[in-house]
Structure formats: structure tokens, C-alpha cells
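J.: Here you go, one structure.
The values are calculated or read from the model by the stated rules, or taken from the named source; none is laboratory data. As the structure is a prediction and not an experimental result, all values here were calculated from the model. Every residue, glycine as well, gets a Cβ built from its backbone with ideal geometry; the counts of neighbours run over all protein chains shown. The area values use the complete protein model at the heavy-atom level, side chains included, leaving out ligands, DNA and RNA. Shrake-Rupley method; radii C 1.70, N 1.55, O 1.52, S 1.80 Å.
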Amino acid sequence: MGFILTLNEGVKGKKLTCEYHVSETVEKLLAMLATLDRWIDETPPVDQPFRFGNKAYRTWYAKLDQEAEALVTAILPSQRHDAAPEIAVYLKEAVGNSTRIDYGTGHEAAFAAFLCCLCKVGALRIEDRLAIVFKVFDKYLRVMRKLQKTYRMEPAGSQGVWGLDDFQFLPFIWGSSQLIDHPTLEPRHFVEEKVVNENHQDYMFLESIKFINEMKTGPFAEHSNQLWNISAVPSWSKVNQGLIRMYKAECLEKFPVIQHFKFGSLLSIQPVKP
């Protein structure tokens with residue numbers, strides 16, 4: 001949570017298109033995500049009788065399962081190659097479940113853990129925080145959306161209309177932080193398609209709304225009830241605080257989500273000593 005909040009603070013009031021430092025590690029992470037993206041193109045969906053959960057996803061996942069450690073080793077500084085097996089676990093957990101062919105906020109949390117571990121071993125640093133959200137996480141989202149669309153993945157443990165979004169949560173936290181103190185855009189505006197279309201390149205929150213609008217039909221208030229309720233909150237800082245509380249309660253403290261979370265030497269299950 002500390003890692004998520006550090007990034008939340010870093011992106012406050014900043015556009016996706018602003019200037020920021022891009023380190024060699026960030027470039028390597030983008031190259032790795034581009035590889036995962038290319039593998040989707042190389043693994044087209046197969047013909048099958050049922051609509052959801054295309055089995056070609058398992059072929060794609062098997063490739064990642066096999067290559068994950070090598071992909072992570074390529075990102076790490078040479079003196080920390082020993083951490084690759086542990087960090088690779090989070091990468092494999094971050095792309096969905098190959099048995100159920102589903103994806104949800106627990107998988108997204110595993111990607112946050114993957115990035116957090118890269119910070120803990122010194123591969124990523126505090127000066128990378130804008131690039132972590134605006135470049136790496138943004139690219140991760142694009143690859144996950146492509147996976148979800150290509151293989152028609154099921155939402156994991158979907159709360160249906162009561163979830164924030166079928167698949168993601170973090171872009172709404174960081175995206176609302178970006179919009180804090182915006183001179184003209186208020187929470188009530190994000191349900192207007194024109195506003196979304198004009199500003200989605202600059203703000204992760206609006207990019208996520210645009211994706212929902214593309215994927216779902218019918219009135220916004222019906223298919224995305226929780227987000228509709230958020231549009232009534234008076235300020236972005238209130239939205240941001242509320243989403244952080246909701247993330248703790250609905251993701252990190254929900255047993256069905258967190259039961260799958262992996263602990264190791266970098267992210268230990270041992271209580272923090274006071």
C-alpha cells in the first residue's frame with residue numbers, strides 16, 4: 001500500500017503527456033511488455049463453441065510461464081539476478097489465470113507487487129515513479145486490455161455491476177490523483193463522452209472510462225453503477241481518498257482476492273516490527 005501511495009503522490013496533478021525521467025530499467029520493462037504484446041499477435045484465438053475464455057490464452061500463458069524468469073533477469077541489475085525466480089512469480093500472476101481464463105484486481109495487484117519488488121532490489125528508484133505509472137503501468141494496461149479482448153477473458157470473481165470495473169482498479173486511483181485541482185474537469189464530467197474523448201490521452205482515469213464505453217452498451221448508470229456514484233463526489237481529492245479506502249477494503253482485505261497473493265523474501269507475510 002505504501003508503494004501504491006508513493007506513486008499516487010508522484011502523479012498528483014500531472015498529465016500522461018508531461019515530461020519525466022525515463023531510466024534504462026523502464027525501457028527494459030517496456031521492451032518486455034512489448035514482447036508479451038507480440039506473443040498475443042502470434043497466438044490467435046481458436047474456434048470453439050463457447051464465447052468466453054478462449055483456450056488459445058493457455059498457449060500464450062504457457063510461453064510466459066516458460067520465459068518469465070529470463071524476461072525478469074534481463075531487467076535486473078547483474079548483482080541482483082538471484083532475485084529473478086521470486087520476482088518472476090509476480091509477473092506470471094499479473095496476467096490472469098490460465099485454468100479459469102479470467103483476470104481481475106488480484107492479478108493487477110500482483111503487477112503492482114512485481115513493480116514494488118523491482119524497487120526493493122534497486123532496479124527501479126524514486127525518480128522513476130512518474131515513468132512507472134505513465135509508461136510501464138500504462139503499457140501493462142494496454143497489454144491486459146488486448147488479452148481481455150482477444151481471448152474474451154472472464155472477470156475474476158466479478159461483483160457484477162457493484163464492482164468499479166470488471167478488470168482494473170489502480171488506474172482509477174492514480175488517474176483520480178492526476179486530476180486533483182484540475183482547473184475545469186470535475187468528477188461529474190467523466191460521464192460525458194465528449195469530455196472523455198477530448199481528454200483521455202492525458203488522464204488514465206478517462207482512458208479507463210473510454211475503454212468501458214467501448215466494451216459496454218446501455219446507460220452508464222446501469223453497467224457501471226459504482227463509477228456513476230463516484231461522478232457525484234464534489235472533488236477529485238475526495239474521489240482519490242475514497243478509492244484508496246475502497247481498494248484496501250475491496251481488494252487487499254477481501255479473502256477471495258488476497259488468498260491467491262504470493263509472499264516471499266521481498267514481500268514477506270511476517271508482521272512489520274513496530
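J.: Looking at this structure, is L7 part of a helix (DSSP H, G or I), under 28 Å from T150 (Cα atoms) and at pLDDT 95 or above?
T.: For L7, the condition - part of a helix (DSSP H, G or I), under 28 Å from T150 (Cα atoms) and at pLDDT 95 or above - is not met.
J.: Do we find that I258 is modelled with pLDDT under 90, aliphatic (A, V, I, L, M), surrounded by fewer than 20 Cβ atoms within 10 Å (Cβ to Cβ) and within 17 Å of the chain's Cα centre (by Cα) in this structure? Even if it seems obvious, please write down each step before you answer.
T.: Values: modelled with pLDDT under 90: yes; aliphatic (A, V, I, L, M): yes; surrounded by fewer than 20 Cβ atoms within 10 Å (Cβ to Cβ): yes; within 17 Å of the chain's Cα centre (by Cα): yes.
So I258 passes the test.
J.: T99 passes all but one of (1) surrounded by 15 or more Cβ atoms within 10 Å (Cβ to Cβ); (2) farther than 17 Å from M144 by Cβ; (3) under 22 Å from the mean Cα position of the chain (by Cα); (4) not small (G, A, S); which number fails?
T.: The failed condition is (1).
J.: Looking at the structure I just gave you, is I230 within 21 Å of P187 (Cβ to Cβ), open to solvent by less than 30 Å² (accessible area, probe 1.4 Å) and at pLDDT below 95? Let's see the steps before the verdict.
T.: Values: within 21 Å of P187 (Cβ to Cβ): yes; open to solvent by less than 30 Å² (accessible area, probe 1.4 Å): yes; at pLDDT below 95: no.
Spelling it out, it is not the case that I230 is within 21 Å of P187 (Cβ to Cβ), open to solvent by less than 30 Å² (accessible area, probe 1.4 Å) and at pLDDT below 95.
J.: Same structure again: State which residue pairs qualify: first residue over 22 Å from I132 (Cβ atoms) and inside segment 31-42, second residue among the hydroxyl-bearing types (S, T, Y) in any location, beta carbons under 6 Å apart, and separation of 6 or more residues or different chains.
T.: I40/T150
J.: Pull out all pairs, ordered by first then second residue, where Cβ-Cβ is under 8 Å, the residues are six or more apart or on different chains, the first lies in segment 115-133 and is among the β-branched types (V, I, T), and the second is assigned to a helix (DSSP H, G or I) and open to solvent by 20 Å² or more (accessible area, probe 1.4 Å).
T.: V121/R80; I126/T6
J.: Let me ask something else about it. In segment 222-274, which residue that is charged (D, E, K, R) and not in a loop (DSSP other than H, G, I, E, B) is nearest to L118 (Cα to Cα)?
T.: Applying the first criterion (charged (D, E, K, R)) to segment 222-274 yields 222, 238, 245, 248, 250, 253-254, 262, 273.
Next, only the ones that are not in a loop (DSSP other than H, G, I, E, B) stay: 222, 238, 245, 248, 250.
On the way: E222: 39, K238: 30, R245: 25, K248: 22, E250: 25 Å.
So, considering only residues that are charged (D, E, K, R) and not in a loop (DSSP other than H, G, I, E, B), the one nearest to L118 (Cα to Cα) is K248.
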